[in-house]
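The values are calculated or read from the model by the stated rules, or taken from the named source; none is laboratory data. Here the structure is a predicted model, which is why all the values come from computation and not from measurement. As a convention, Cβ positions derive from the backbone with ideal geometry for all residues, glycine included, and neighbour counts pool all protein chains shown. To get the accessible areas, we keep the full protein, side chains included, count just its heavy atoms, and leave off ligands, DNA and RNA. Shrake-Rupley method; radii C 1.70, N 1.55, O 1.52, S 1.80 Å.
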Amino acid sequence: MSVGAPRGLASSGQKLITEILHPLSAAEEPLSPGQDVTISAEKDKEPGLTNGTPVEISSPASASVLLSRLQLDCEPEADAHDAFGSGEPRDLFVTVNDPKKHVSTMETYITYRVSTKTTRIEFDLPEYSVRRRYQDFDWLRIKLEDSQPTHLVPPLPEKFVMKGVVDRFSEEFVDTRMKALDKFLKRVADHPVLSFNPHLNAFLTAKDLNKRQGLALLTKVGESVKNVAGGYKLRARPAEFSAMGEYLDTFSQKLGTIDRISQRILREQSEYLTELREYGAVYSTWAASEEQLQRPLEGVAGCVTTSCGALEDLSDNMSQDFLPVLREYVLYIESMKSVLRKRDQVQAEYEGRLEAAVLRKQEDRTPIPVEVEKCQDKVECFNADLKADWERWQRNKRQDFKQLLTGMADKNINYYEKSQAAWESLIPLLQEKQTEDKTSETN
């Protein structure tokens, strides 16, 4: 993609994105405040981050900044293309890292550093660094869903955890959440439409994230979809979208079963690990009181300790890498089902208006109203956007699960190789002890 040319919508022809009026927009003219939309500077004024923490934005340090607008030489070459396999060069790089804990009299919370590098002309600077907390990511997701109702917005990790079961301020939990937030933001930044959303721009760049600033018009787009169903009822979902729904139901059941069994395996591994550690400790204490068997017993204790470490690594991989991906796709399924329901609402409105128009035409031979044609455009736009995102999601899913299963295989192989090597190293020691005993008997 060239830096100077804004990208067009995937299903809206070849016009520039700034010239396109989305069929689902509440306004009929190019984006400008209508009579029913008022933007008051004072009324909409709101503090940015709720924690009140100042958010730093990097500024140009030298003439080298100008060069970075033409080439992001800090990024690996493999990352310079769309991760979804479209082959298009990427021009927006985002990273979530550096979690920090904040403690105040009112609350305790975690913020994350969001770093951005870009060559897009929509951004004033080539690099930004801001701090955001979970609720800011949730604000972005909601705004994307409201303003881009025809597209699949990636899911966020769940906000709430069971108290007493998971410590949400533990290093393990914070690290897992940070990885999930990073993946969410990268998926949005890689999307050909969502990545140009003004709310994303504000999220990535604003020093104080004013969560109501001048973006009411985009929200109107989402409201037009939420309210279209009215009294209309969908007759039948088209076959290709029915197949999508059936696939999602089946996929959800499979993931649910795998998740349930994996959770049980993880609990059993944890119990087994506890028993194994106690088992190894017995051999260590026994060796202290058996001079003749000290070396073999210490060898067994060492093998058990090595097996414990290997099993712990295997369990950590399942809890920190495997299960979060399963949960992400469970949430992805719910997001996709939500988009399908919105599509059904738009189709139901079109069918209802068309049926009413046909009846009126039969009675007084009036032409088909323009509103019906607009509803048809909405359906076609929704269908095109949904199918494009479905294909993108399927490619992404295949890539994610190939990596996930490959990693799981590597971790299991590593576990068994470590255990096998430990026990094999004990055999020469035992054979040596047996030889010594025979020699003693002979003498």
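When each of 294, 253, 320, 263 is tested for being open to solvent by 30 Å² or more (accessible area, probe 1.4 Å) and at pLDDT 95 or above, the lone residue that passes is 253. Scanning the range 107-121 for residues that are more than 21 Å from the chain's Cα centre (by Cα) and either crowded, with 19+ Cβ neighbours inside 10 Å or in the same structural domain as residue 338 (by the TED database) (or both) yields one hit, 119.
Taking residues in the range 309-328 that are on the phi < 0 side of the Ramachandran plot, and partners anywhere that are open to solvent by less than 30 Å² (accessible area, probe 1.4 Å) and among the aliphatic types (A, V, I, L, M), the pairs with Cβ atoms closer than 8 Å and at least 6 places apart or on different chains are 311/273; 311/276; 312/273; 315/273; 321/404; 322/404; 325/404; 326/255. Being farther than 16 Å from residue 411 by Cβ, polar (S, T, N, Q) and outside any helix (DSSP H, G or I) is a condition met by at least one residue of the range 291-314.
Residue-wise test of (1) open to solvent by less than 50 Å² (accessible area, probe 1.4 Å); (2) modelled with pLDDT of 95 or more; (3) touching a strand residue (DSSP E or B) at 6+ places or on another chain (Cβ under 6 Å); (4) within 14 Å of residue 296 (Cβ to Cβ).
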| residue | (1), (2), (3), (4) |
| --- | --- |
| 396 | yes, no, no, no |
| 410 | no, yes, no, no |
| 414 | no, yes, no, no |
| 417 | no, yes, no, no |
| 425 | no, no, no, yes |
| 429 | yes, no, no, yes |
| 434 | no, no, no, yes |
| 438 | no, no, no, no |
| 441 | no, no, no, no |
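Between residues in the range 95-117 that are in contact (Cβ under 8 Å) with a residue 24 or more places away in the chain and among the aliphatic types (A, V, I, L, M) and residues that are open to solvent by 50 Å² or more (accessible area, probe 1.4 Å) and part of a strand (DSSP E or B), which pairs lie under 9 Å by C-beta distance while being six or more apart or on different chains? From the range 95-117, the pairs are 96/113; 110/99; 110/100; 110/101; 114/95. A single member of 182, 146, 167, 124 is open to solvent by less than 40 Å² (accessible area, probe 1.4 Å), of a type in the set (D, E, K, R) and either part of a loop (DSSP other than H, G, I, E, B) or touching an Asp or Glu at 6+ places or on another chain (Cβ under 8 Å) (or both), and it is 146.
Taking into account only those residues within the range 227-249 that are farther than 15 Å from residue 340 by Cβ and not aromatic (Phe, Trp, Tyr), which is modelled with the highest pLDDT? Top of the filtered list is 235.
A quick yes/no check of all residues on (1) buried (at least 19 other Cβ atoms within 10 Å of the Cβ); (2) within 25 Å of residue 145 (Cβ to Cβ):
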position: 285; (1), (2): no, no
position: 288; (1), (2): no, no
position: 330; (1), (2): no, yes
position: 343; (1), (2): yes, yes
position: 368; (1), (2): no, no
position: 371; (1), (2): no, no
position: 382; (1), (2): yes, yes
